[in-house]
Amino acid sequence: MDKSDTDIEDKKVEAVPTDEVAPGARLLPRITIQAFCEHSQTAQLIETAVHDRRMSKVALTTHNGGIEAAIETYRSNPTPNLIIIEAHSDAEQLPHDLERLAEVCDASTRVVVLGHVNDIVLYRELIRFGVSDYVVLPTAPADIVTSITDLFVADGAAPIGRTIGFVAAKGGAGSSTVCHNVAWAIAQDIRQDVLIVDLDLAFGTAGLNFNQDPPHGLADAVFATEKIDAVMLDRLMSKAAANISLLAAPVLLDRTYDLEERAFEQIVEITQKTVPMVMLDIPHAWTGWVRHILTTIDEIVIVAEPDLANLRNAKSLVDALKALRPADSEPHLVVNRAGMPKRPEISPGEFAASIECRLTGQIGFDPATFGTAANNGQMLAEVSASHKANEAFRAVGRAVSGRAKVEAMGKANSLKLPGGLTKLLKIG
Ligand SMILES: Nc1ncnc2c1ncn2[C@@H]1O[C@H](COP(=O)(O)OP(=O)(O)O)[C@@H](O)[C@H]1O
Ligand SMILES: [Mg+2]
């Protein structure tokens with residue numbers, strides 16, 4: 001979605017970056033927060049809270065208007081990780097308003113209500129209805145910070161990040177290209193913070209594709225002798241574009257990369273707690289660690305060219321993955337580089353049917369545009385905003401980020417409720 005279609009009256013609040021974070025500090029992950037305030041004092045209170053060092057990674061926007069403004073906004077805009085609502089309605093009206101908000105929100109979004117009534121019955125009612133917290137105004141910025149950290153970093157808080165891996169059925173099919181462009185689409189379209197982890201340690205292209213010469217973040221993390229933690233990983237990330245961070249591959253052949261099966265386990269686990277979308281650019285290989293990563297992540301995208309060798313490999317991959325992760329969602333298929341002149345090809349539909357996989361995207365062969373993007377170190381949308389492939393990247397982004405259903409059903413009519421607010425359905 002283009003920024004121009006939004007009717008949000010944005011006030012972006014810059015968090016103050018801090019280097020000095022005490023060890024073990026409960027630093028909030030890179031979440032997006034949107035606050036809807038009835039009074040300017042409330043907006044100021046939240047803006048002050050965001051200057052707390054624990055909030056240094058958080059992206060906050062404050063908006064005028066309470067719950068009605070929020071409902072209006074999310075009819076046509078993606079929802080953030082957390083919505084803060086200043087509520088004026090009374091104990092009877094508030095649950096009804098929240099129900100209407102739930103109808104336009106994404107399932108994973110959480111809601112904190114700031115209210116003016118100090119009423120334990122209302123508090124219990126709202127919590128029972130799925131609101132994550134109810135904070136009584138007036139309050140101190142520190143209380144807001146505590147409420148949010150309790151939600152996202154307390155022991156036992158669900159990890160906020162979704163892990164999505166991209167693999168090619170055959171080298172060169174374009175899995176890295178698709179991974180980076182889908183990351184771009186998610187950052188732009190769904191406006192979530194994305195981390196790209198370039199697991200192709202020897203030959204990865206993420207740095208090149210984003211025209212960066214970043215430090216070898218991922219190697220430093222995987223070969224670290226001390227125990228890695230979120231603060232250390234954060235230092236190893238570099239910025240690839242707006243809302244996109246990168247854990248770059250060393251791309252050096254001074255050593256080999258025969259890693260242990262669980263070499264990346266901890267890194268993936270930590271990143272999942274700090275970034276909402278973790279995109280893993282996985283090399284075309286079948287090592288112990290590749291297989292292990294593929295068994296542990298949330299979503300897998302197989303990128304294949306529509307020829308016989310890709311078909312055979314994709315089939316083997318899908319069979320192996322279904323056996324390794326029987327309870328998980330099945331992989332997505334993206335057919336890339338389709339329509340290469342003079343090449344006999346299998347139709348994408350037939351390809352997907354014969355490997356029993358959902359066809360989430362099809363992208364045509366266009367060496368001029370993709371070549372220009374690669375040579376310039378730009379994403380396809382930067383080279384050609386109207387290119388058809390961008391729609392495919394957005395569709396894959398929505399599918400793997402779990403946003404597809406909301407979009408497909410039409411947000412206003414959907415009955416999909418925010419994580420916390422799901423309980424409403426059972427009650428109402
Ligand atoms: N749809 C496409 N049309 C033309 N060239 C493409 C397309 N998709 C990717 N490419 C090019 O194919 C090459 C291989 O892509 P890459 O993403 O590195 O593959 P993989 O990671 O699967 O090995 C790159 O030069 C890339 O620019
Ligand atoms: Mg690659």
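Ordered by the count of other Cβ atoms within 10 Å of each Cβ, fewest first, 213, 150 give 213, 150.
Under the criterion of Cα pairs below 8 Å and six or more residues apart, the relative contact order for the chain equals 19 percent. Of the cross-linked pairs 239/322; 342/388; 170/388; 239/388; 227/322, those separated by over 31 Å at the C-alpha level are 239/322; 227/322. In this calculation the C-beta distance from residue 139 to residue 298 is compared with R0 = 51 Å, giving a FRET efficiency of 0.90. Each residue of region 133-141 was assigned a 3J(HN,Hα) from its phi angle through the Karplus expression (A = 6.51, B = -1.76, C = 1.60, θ = phi - 60°), giving 7, 10, 10, 8, 8, x, 8, 9, x Hz with x at Gly and Pro. In the chain, the DSSP beta bridges split such that about 10 percent are antiparallel, to the nearest 5. What full-extension length gain, to one decimal in nm, is calculated for residue 227 and residue 266 as 0.36 nm per residue of separation minus the Cα-Cα distance? Gain on stretching residue 227 to residue 266: 13.1 nm. Computing FRET efficiency as 1/(1 + (r/R0)^6) for residue 89 and residue 155, where r is the C-beta to C-beta distance and R0 is 41 Å, gives about 0.75. Ordering 317, 253 from the fewest to the most neighbouring beta carbons within 10 Å gives 253, 317. Look at 191, 337, 235 and count the other Cβ atoms within 10 Å of each Cβ; fewest to most, that gives 235, 191, 337. With no solvent and one equal point scatterer placed on each C-alpha of the chain, evaluate the Debye formula and give log10 I(q)/I(0) for q = 0.12, 0.14 Å⁻¹, two decimals. Cα-only, vacuum Debye calculation for the chain: -1.01, -1.30.
All of the numbers you see were taken from the coordinates with simple rules; none came from a lab. Every value quoted in this text rests on a predicted model; they were computed, and no experiment measured them. Glycine also receives a Cβ, built like all others from the backbone with ideal geometry; neighbour counts cover every protein chain displayed.
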